[in-house]
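Data first, discussion second: the structure below is written as structure tokens.
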Amino acid sequence: LVTLTNDSENAPRGIGAAMIVDETAGLIGGTIGGGMLEYEAINEAKQLLQAQRGQFHHYGLTKNASSQLGMVCGGAVDALFTYIAPDSQDTWDAVLDSMLNHKTGWLVLSLDGLQAGFLCGGVMTGMETPT
């Protein structure tokens, strides 16, 4: 899961924009802005999936760098790459449905990222509701 945690100036998408990336298929759903920014983030995510870890990454989109990447937007974004173990297809189906249909939902992760659940419309998918 790649989520923008900070944006400045003329960034293509704002805080909270997210996309789901698969190790083999690449982009599964969502967007953090398209173009080379998204291309680079997808490649980064694939490497992190192989390593089974997450990280923060800063992308500077200065006017000069943006034009070299073929982007119209400028500014900068920080992206949080969250590794989530692929343990439940039902959870991922619920997350993707929420993203594609603009439903508000919450991804619930264990601190190690090995268990994932999704809460949407009062229904928890993938794990027990935390108490």
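Please treat every number below as a calculation from the coordinates, not as lab data. All values reported here derive from a predicted model rather than from experimental measurement. Glycine also receives a Cβ, built like all others from the backbone with ideal geometry; neighbour counts cover every protein chain displayed.
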Open item on the list: List the residues, sorted by chain then number, that are 5 or more residues from Met127 or on another chain and whose placed amide H is less than 5 Å from its amide H.
Closed with: Phe118
Task: Karplus-derived HN-Hα couplings along region 12-23 (A = 6.51, B = -1.76, C = 1.60, θ = phi - 60°), whole Hz, x at Gly and Pro - done: x, 9, x, 3, x, 4, 9, 8, 9, 10, 10, 4
Task: Under-5 Å amide H pairs with Gly26, H placed in peptide plane, nonlocal only - done: none
Task: Convex hull of Cα atoms in region 3-65, direction-averaged projection (nm²) - done: 4.2
Open item on the list: If amide hydrogens are placed 1.01 Å from N in the peptide plane, which non-local residues have theirs closer than 5 Å to the one on Asn10?
Closed with: Gly74, Gly75, Ala76
- [ ] Determine the sum of side-chain charges near Trp106: Lys and Arg each +1, Asp and Glu each -1, restricted to other residues whose C-beta is under 15 angstrom from that of Trp106.
- [x] -1
Open item on the list: Around Gly30, under 11 Å between beta carbons, what's the net of Lys plus Arg minus Asp minus Glu among the other residues?
Closed with: 0
